[in-house]
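The values are calculated or read from the model by the stated rules, or taken from the named source; none is laboratory data. Everything numeric here is computed off the predicted structure, so don't read it as measured data. Cβ placement follows ideal geometry from the backbone for every residue including glycine, while neighbour counts extend to all protein chains displayed. All accessible areas refer to the heavy atoms of the entire protein, side chains included, with ligands and DNA or RNA removed. Shrake-Rupley method; radii C 1.70, N 1.55, O 1.52, S 1.80 Å.
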Amino acid sequence: QVHLVESGGGLVQAGASLRLSCVSSGRTSSNYAMGWFRQAPGKEREFVTSISWSGGSTDYADSVKGRFTVSRDNAKNTVYLQMNSLKPGDTAVYYCARSRRRYTSTLQSDYDYWGQGTQVTVSS
């Protein structure tokens, strides 16, 4: 079993930055890709970014490309999401997830373990 815990969310003003962290415990996640998804009120959960098992490959949603950066430290079993130039449209609950695959994927069906989420609220 894998347990994922996100942290780092909060309330910020537009233009600010936040860094989310996702710590994995239980069975190792270092051999699998990891992803971040988000769900805004009244909307479906959507893909944000994914990082391969080694960190050598990443993928981003168009809406966050150039503003968000995903990284991982396998020695610490942690994945990070650096979010810069935040916009009110980024307001959502952000979820960390572990993929069944080693390489990046935008598909939620490719992820088998999910965290509880952390709230990010961006005010205008």
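Observations
- Sole exception among (1) under 21 Å from Lys65 (Cβ atoms); (2) open to solvent by 40 Å² or more (accessible area, probe 1.4 Å) for Ser105, by number: (2)
- Number of positions in region 108-122 that are polar (S, T, N, Q), open to solvent by 40 Å² or more (accessible area, probe 1.4 Å) and assigned to a strand (DSSP E or B): 2
- Wholly enclosed strands (runs of 3 or more DSSP E) of region 1-74 bearing at least 2 residues open to solvent by 50 Å² or more (accessible area, probe 1.4 Å) and in contact with a His (Cβ under 6 Å, 6 or more places away or on another chain): 18-26
- Test result for Leu86, of a type outside the set (Phe, Trp, Tyr) and open to solvent by less than 50 Å² (accessible area, probe 1.4 Å): yes
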